[in-house]
Amino acid sequence: MKKIYTMIVAVMMAAVAFANVSPEMAQKACARTLGVQLPVKARVNAAKKAPKKASADLVTPPATATIESDWIINGSFASSMGSSDEEFATQVAFDGNDVYIQGLAYFFEKAWMKGTLADGKVILPSGQYVGGDDYGDEYMKGSNDGETETDIVFDYDAENHVFTLENYIVENDGSEGIDPWGYWESMTIYKGEIEVPEVVVPPAGLQTEVYTYNAQQLHYDAATQQISYTDYTAQVNVGFDGDDVYMQGLCSYLPEAWIKGTKAGDNYVFAMGQYFGAYYDSYDMFLMGLNEAGTEEGDVVMSYDPEANEFVQLTPLMINALADEVQYYAWYETGSTLNGPVTGVSDINTDSTVARRYVNLAGQESAVPFDGVNIELRIQSDGTTRAVKVVK
């Protein structure tokens, strides 16, 4: 899924901690950023400048080309925010030995690039213009070492319909030298469909109680390698259905999302990899825990005391970027509790909102929604606040 960097999302991503209490897990969680080798510039802090090129200079497939829309780009893109795994649909066009590929420019995803197919290789000449914005004109370049400019080279398996990148693709600031805003460090383009994970849906008519989640949120400072904790509290809807329990509200980014646990003895087990959804339709979020030793990914396990109506985490609970590997946005430590009820039985659609405020992508706040994307802050009758994305 394509990730779009905005001001609010950038702030959220800056809080992603790539570490764990054990050195082994810290190394695994940091693995995504270790491959970044080229120096990149931050667009947020860059001086703005008007583009100079005209749209007529953009590559466009000719009318004789056959445009195919069932292609997928999968790769790792590095920017000033770090390195992120990307997967999104794109288009490829063929016109004899000419090949046109859309989506290679991360910040100009509709731009096309042109290459030539020969001897199982597709060569895209370096320096192709892909667009301009407030940060100036951008050109796509190839490089083997981050210093020397080369053409962009893909190996092409025609039988299996797969392009495999052989060098770096640099999204360059201007036409001179190597001066990247970001770059692709790996990429595969193939025919297929993107599988969207399914979210947990509670059974119809599920009755819930409101529990209070009291957690210790872990923070890791990569510079000092120090771990610290802060208190975190949230209101969570909890409903039982036979041996299953459903919880809504544990993911602060997507508070409407549910997870499901199944009774195992005195405990409830929440399978790792459950999908919360996509924050801002861009950032996938999954449930993640650790095994008993704390050295590998695992399920989230909670004990349950029916007399006290209390759940206690026996493992960490993470809001994670991946379904099967630690890369977390939020980490709630072992020992965190869910205590209920607070307000008694309620329907899952009960809304106790007493006031609303709206924040746009520029951080401005208003009593009424702005045009476009808003974060709606819902102030509840108990004084807590829930955040929901709305589009006007």
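Values computed for the structure shown
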| item | result |
| --- | --- |
| Of all residues in region 252-300 being in a loop (DSSP other than H, G, I, E, B) and at positive phi, the one that is surrounded by the fewest Cβ atoms within 10 Å (Cβ to Cβ) | Gly265 |
| Yes/no for Ala308 being under 26 Å from Gly82 (Cα atoms) and at pLDDT below 95 | no |
| Matching residues, region 92-106, being part of a strand (DSSP E or B) and either in contact (Cβ under 8 Å) with a residue 60 or more places away in the chain or more than 22 Å from the chain's Cα centre (by Cα) (or both) | Val92, Ala93, Phe94, Asp95, Asp98, Val99, Tyr100, Ile101 |
| Residue ranges of strands (runs of 3 or more DSSP E) in region 114-163 with at least 1 members of a type in the set (A, V, I, L, M, F, W, C), modelled with pLDDT under 95 and closer than 20 Å to Gly75 by Cβ | none |
| Which listed residue, of Gln226, Gln217, Gln207, is within 30 Å of Leu338 (Cα to Cα) and surrounded by fewer than 11 Cβ atoms within 10 Å (Cβ to Cβ) | Gln226 |
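The values are calculated or read from the model by the stated rules, or taken from the named source; none is laboratory data. Just so it is clear, the model here is predicted, and its values are computed rather than measured. Neighbour counts are summed over all protein chains in view; Cβ atoms, including those assigned to glycine, are modelled from backbone coordinates with ideal geometry.
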